[in-house]
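J.: Take this structure first; my questions come after.
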Amino acid sequence: MSFADRAVATLGFHLQQAFARKLATPTLAAPAAPTALPDLRYRVRRDGLRPALLTECFGHYSGVLAPHVLAAAHRLVAGGLVELADARERHGALALAALAHALHGDSVHVIAASDAAAKALCESLRTPLAATGLRIGLVERTMAAAARRNAYACDVVCGTHREIAQDYLRDRLTDGQRPGELASRLQRVAATGGGRLMPQGLNCALVDDGDIIMLDDAVAPAAIAADVDQSRDRLLYEQAVELARALSPSTDFTFEDDGIRLTEPAARLLERLVTPLGGVWSARQRREELVGLALEALHVLQRDVDYRVANGIVQFPDRSKEGEEGAGPAEAIQKLVEVKEGCRLSARREILARLPMPRFFARYRHLAAVCADARTLEGEFWSFYSLKTWLAGERTSSTPPEVRVFVATQARNAALIAAVRAHGAAGRGAVIAVRSPRDAQAMQVLLREAQVQGEVEIVVLPAVHGIRAQGSVSLVVAGLPDSRRHIEQALRACDVKSCELYFALDEEMAARLDPLVARAASFFVRADGELESSWAALAWRRVQRAAERASRGLRFDLRAREQTLDDLLAFSGQRE
């Protein structure tokens, strides 16, 4: 697309957002006769999805929908993102759009944010579309290749964006888009049997919760990985351990504060011992580094003190934290201890293919999405996916959260535990929303140590589908989410109008405040470490806006990096 074309398209986007964002309500049509379906299918495939034919397609839908839902379905068929506040109405609009595209002959992928959401979406579409004879399939994480192939053979397929993207990558590797060695290794890992999972390709994608899937989750690409053959690695580490055992303490090496240091006679001895080996052992610095790490594994690290061995696996407790990568010396130490204990080497996985979510969705010939609220996100949807945003119906209003801000995490935890106990005493269950799986684990430990009784469920924002709490519940948000709309999504999932928000104004949060506001707020801290309510609301609004700007900047930064990587890969002829 030329610069002039992009400028005209951008101008059209801004004009549409300013003057024509609200969808017009179409005229309801009379239900169509079931016997007219074969003829309608022929005319739709011959003439395309024209407005008159769309009205006939929607007439075969067995459910009852409001006029603004029909307007949303028309827009989804044309392409774009539609805001619909009610989840049932979103599912109805997706069902109508899926019906029209399936009658047109397109393979339709209805994409959800989680496995539970995909299963619920599949069930909601199955009944109203059953009368049309369309087949609906569900792709789940635990399905075998044959079951996946059968699911993709259906007219409408429901699944998560990651499962469908990974299956697309598997097909790309199977088709020989990468070297044959990688494709054969993938065949062994995935056991696909040589057949393509989705022979129809990527035709039409209808995305539920588009803000979560297409923006919040866009920073993590889909990837296919396989275990790497480590026989050569094991030989290297076995040689390092044997060389280390040939050295004696005090005479050949000494223990110092910055590590183990070899004596000069020991260095000359190693040079003679490794002469027949060659390879990496020829380089003195690398040789002495490996032998030094092997000496540490043999003489410093003690079993059941620094590590433990369970079921033939070496475990380092201090390296089990989420997000910590075993790279460099830490990875070498792990391998050397495994050789020392006679265990198999821990698996190392190699990325065979990766695909960012924006580029994956760009592969579809037709893309449309729905979400509950896209305010402030219009520019990102346009920039990432060239999708205009439309509003169908009216937005639901929610009460702002009751914000409680503390200057210390300990004070926040004490107040949160007291609130959960108060809700339990009142006969209400509590849903605690946190921002990451690590926060969820920490919250579970906190509740267990506090011996909190009653029904308490912990969910991770923004994916709050499948909340199991029954009856009357209260929503408690622990920590600051990436966006305020995540709180509103949790409110809709719990079917409540308001919630309580607890977060600690630690150094990271305080850095997001204006220095003047942070200084002024420090004078309004009560004896229990909590800010006055008016200053708490002000601090929350400021910090929340800063967090949203940071999340938006991260997405655009990652998009620029992926574009740079894409340009570099283009020189090698590999697009994934």
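The values are calculated or read from the model by the stated rules, or taken from the named source; none is laboratory data. Predicted model only: the values in this text are computed from it and were never measured. In this analysis, Cβ positions are derived from the backbone assuming ideal geometry, glycine residues included, and neighbour counts consider all displayed protein chains.
J.: Could you list all residues from segment 410-453 that are over 31 Å from the mean Cα position of the chain (by Cα), polar (S, T, N, Q) and either within 19 Å of Ser474 (Cβ to Cβ) or in a helix (DSSP H, G or I) (or both)?
T.: Gln453
J.: Return only the number of the condition from (1) outside the structural domain of Met509 (by TED's automatic domain parsing); (2) touching a residue at least 24 places away in the same chain (Cβ under 8 Å); (3) in a helix (DSSP H, G or I) that Arg395 does not satisfy.
T.: Condition not satisfied by Arg395: (3).
J.: Do we have Ala418 as assigned by TED's automatic domain parsing to the domain that holds Leu538, over 28 Å from Asp373 (Cβ atoms) and not hydroxyl-bearing (Ser, Thr, Tyr) here?
T.: Answer is yes for this residue.
Residue-wise test of (1) assigned to a loop (DSSP other than H, G, I, E, B); (2) more than 25 Å from Asp216 (Cβ to Cβ).
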position: Leu53; (1), (2): no, yes
position: Leu70; (1), (2): no, yes
position: Leu81; (1), (2): no, no
position: Val110; (1), (2): no, no
position: Ala117; (1), (2): no, no
position: Leu121; (1), (2): no, no
position: Leu129; (1), (2): no, yes
position: Leu134; (1), (2): yes, yes
position: Glu140; (1), (2): yes, no
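J.: Let me ask something additional. Which of the residues that make up segment 526-550 are touching a residue at least 40 places away in the same chain (Cβ under 8 Å) and outside any loop (DSSP other than H, G, I, E, B)?
T.: Scanning segment 526-550 gives Glu530, Leu531, Ser533, Trp535, Ala536, Ala537, Ala539, Trp540, Val543, Gln544, Ala547, Glu548.
J.: Here are Val280, Val309: which of them is modelled with pLDDT under 85 and either of a type in the set (A, V, I, L, M) or not assigned by TED's automatic domain parsing to the domain that holds Glu238 (or both)? Break it down stepwise before answering.
T.: Details: Val309 fails: modelled with pLDDT under 85.
On inspection, the qualifying residue turns out to be Val280.
J.: Here is a follow-up. Name, by its number, the condition in (1) in a loop (DSSP other than H, G, I, E, B); (2) exposed (fewer than 12 other Cβ atoms within 10 Å of the Cβ) that does not hold for Leu277.
T.: Single failed check for Leu277: (2).
J.: Scan segment 125-145 for residues that are in contact with a Lys or Arg (Cβ under 8 Å, 6 or more places away or on another chain) and not aliphatic (A, V, I, L, M) and jot them down. Outline the logic, then answer.
T.: In the first step, residues of segment 125-145 are kept if they are in contact with a Lys or Arg (Cβ under 8 Å, 6 or more places away or on another chain); the result is 136, 138-140.
Listed by number, the list holds a single entry, Glu140.
J.: Test Thr409 against the stated conditions and say whether it is on the phi > 0 side of the Ramachandran plot and not basic (Lys, Arg).
T.: No, not satisfied.
J.: Then there is this: Would you mention how many residues in segment 265-276 are farther than 15 Å from Ala244 by Cα and not β-branched (Val, Ile, Thr)?
T.: Quick first cut of segment 265-276, residues farther than 15 Å from Ala244 by Cα only: 275-276.
Remaining after also requiring not β-branched (Val, Ile, Thr): 276.
Qualifying residue count for the region: 1.
J.: Given the conditions (1) within 25 Å of the chain's Cα centre (by Cα); (2) surrounded by fewer than 24 Cβ atoms within 10 Å (Cβ to Cβ), which single one is not true for Arg90?
T.: All conditions are met except number (2).
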